[in-house]
Structures are given as structure tokens and as C-alpha cells.
1. Could you tell me which numbered condition TYR129 fails, if it satisfies all but one of (1) more than 13 Å from the chain's Cα centre (by Cα); (2) surrounded by 19 or more Cβ atoms within 10 Å (Cβ to Cβ); (3) within 15 Å of SER155 (Cβ to Cβ)?
2. For the stretch 1-49: of the residues being among the acidic types (Asp, Glu) and touching a strand residue (DSSP E or B) at 6+ places or on another chain (Cβ under 8 Å), which is modelled with the highest pLDDT?
3. Please determine, by comparing only the residues of the stretch 97-130 that are hydrophobic (A, V, I, L, M, F, W, C) and in a loop (DSSP other than H, G, I, E, B), which one is nearest to LYS147 (Cα to Cα).
4. When you check ALA74 against the structure, is it open to solvent by less than 70 Å² (accessible area, probe 1.4 Å), of a type in the set (A, V, I, L, M, F, W, C) and either touching a residue at least 40 places away in the same chain (Cβ under 8 Å) or under 20 Å from LYS54 (Cβ atoms) (or both), yes or no?
5. Can you confirm whether VAL105 is at pLDDT 95 or above, within 15 Å of the chain's Cα centre (by Cα), over 19 Å from ARG43 (Cβ atoms) and open to solvent by less than 10 Å² (accessible area, probe 1.4 Å)?
6. I'm told ALA100 meets every condition in (1) under 20 Å from GLU23 (Cβ atoms); (2) in contact with a strand residue (DSSP E or B) (Cβ under 8 Å, 6 or more places away or on another chain); (3) among the hydrophobic types (A, V, I, L, M, F, W, C) except one. Can you identify the failing condition by its number?
7. Just a yes or no: is a residue in the stretch 50-60 more than 18 Å from LEU24 (Cα to Cα) and either surrounded by fewer than 18 Cβ atoms within 10 Å (Cβ to Cβ) or in contact (Cβ under 8 Å) with a residue 12 or more places away in the chain (or both)?
Amino acid sequence: MAFSKPNNRKWKFQKPRKEFKEELLAIDRVTRVNSWGRQLRFRAVMVIWDWKGKVALWTGKSWEVVDAIAKAVADAKKRLTTVKIEDGTVPYNVTAKFKAAKVMVHPASEGTWIIAGWAVRKVLMVAWYSDVLAKRYGSSNLINNAKATIKALTSFKN
């Protein structure tokens, strides 16, 4: 006797949603030189979001890429900060500075999507914004621009 699937049911397996939305900003090879020679490591920069309006950015270093990513995620989970979203955009214009990186974030009308530079766009996408205009000034450093963006997003008054 052969069993067949009933036609009126969907037999689709659905994966459970992960606890955090994770985005890899950069993975870099870094070396340090000592008396034994060069030691190669990997640095991972991760941005995470917890589906409840909290976002974090952190870096992790290790001999293996997977371990560096795991360290970055584990440390970012300890440093979550709240961001404010109103109808998919930011409430008002804000400017933030981190070291030499300066980021200006502006609200946009519905359907504009995210118009921003690379690191700023990744942070805004992970934080679940949909309509934002942003401009970075000063530094082109990826980590400093991402930290300036998170500083701008967390500076909104409740």
C-alpha cells in the first residue's frame, strides 16, 4: 500500500526565526609581528538586531573566521542599545560623530528606501529601517562610520 500526501494540506517545513538578525559588515586578515614571525588572525565586524528595536555592533578576532564571527556576535549580544523607528524611518534629522566619522541621518518619505553609504546602509538595513536618507562625512573607516550611525540612531529622545 502506497501513501500519498493529501492535496488539501501544505507540507512545507518552516524554520524557526533566529533570536537575532545578524549581518557581517567586514572580515579582515590582520597580522601582528613578534619574535616568532608574523601571526595571522581574522577580524569580524558584526551588526545584530533582536527584532524588538535593539541593535549592536561589535568586533571579534580569532585564528579562525567562524570563531571570530561567533566572538563578535556573543559580545554584541551584551551591548544591545535601543533605536527608535517611526513608520519605517527616523523621527527627525540627527547628526552624530564618532572619532573622525560624521554621519547625518534624515527621515524620508514612504517608498524612498535607504539612500546611504555602504556601512551606514548595512546598519540601517539590519535595524529594520525602510525609508532613510543618510550621508557620511570625514572618515571612510567602516567601523567608525557604523559606530557613528548607531550613535545617531540611539540619540533620539523617547
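1. Checking TYR129 against (1) more than 13 Å from the chain's Cα centre (by Cα); (2) surrounded by 19 or more Cβ atoms within 10 Å (Cβ to Cβ); (3) within 15 Å of SER155 (Cβ to Cβ), the one that fails is (1).
2. The initial filter retains those residues of the stretch 1-49 that are among the acidic types (Asp, Glu), namely 19, 22-23, 28.
From the residues that got through so far, the ones that are touching a strand residue (DSSP E or B) at 6+ places or on another chain (Cβ under 8 Å) too are 22-23, 28.
Numbers: GLU22: 93, GLU23: 93, ASP28: 96.
Across the stretch 1-49, the extreme among qualifying residues is ASP28.
3. Taking the stretch 97-130 as the starting set, the residues that turn out to be hydrophobic (A, V, I, L, M, F, W, C) are 98, 100-101, 103-105, 108, 113-116, 118-120, 123-128.
From what's left, in a loop (DSSP other than H, G, I, E, B): 100, 108, 113, 116, 127-128.
Values: ALA100: 11, ALA108: 22, TRP113: 21, ALA116: 15, ALA127: 13, TRP128: 17 Å.
Applying the filter and picking the extreme gives ALA100.
4. Working: open to solvent by less than 70 Å² (accessible area, probe 1.4 Å): yes; of a type in the set (A, V, I, L, M, F, W, C): yes; either touching a residue at least 40 places away in the same chain (Cβ under 8 Å) or under 20 Å from LYS54 (Cβ atoms) (or both): yes.
Criteria met by ALA74.
5. Numbers: at pLDDT 95 or above: yes; within 15 Å of the chain's Cα centre (by Cα): no; over 19 Å from ARG43 (Cβ atoms): yes; open to solvent by less than 10 Å² (accessible area, probe 1.4 Å): yes.
When the stated conditions are applied, VAL105 does not pass them.
6. (1)
7. Applying the first criterion (more than 18 Å from LEU24 (Cα to Cα)) to the stretch 50-60 yields 52-53.
Next, only the ones that are either surrounded by fewer than 18 Cβ atoms within 10 Å (Cβ to Cβ) or in contact (Cβ under 8 Å) with a residue 12 or more places away in the chain (or both) stay: 52-53.
Yes: one or more hits.
The values are calculated or read from the model by the stated rules, or taken from the named source; none is laboratory data. This structure is a prediction, so every number in the text was calculated from the model and none was measured. Positions of Cβ are generated from backbone atoms using ideal geometry, with glycine treated the same way; all protein chains shown enter the neighbour counts. Side chains included, ligands, DNA and RNA excluded: accessible areas come from the protein's heavy atoms. Shrake-Rupley method; radii C 1.70, N 1.55, O 1.52, S 1.80 Å.
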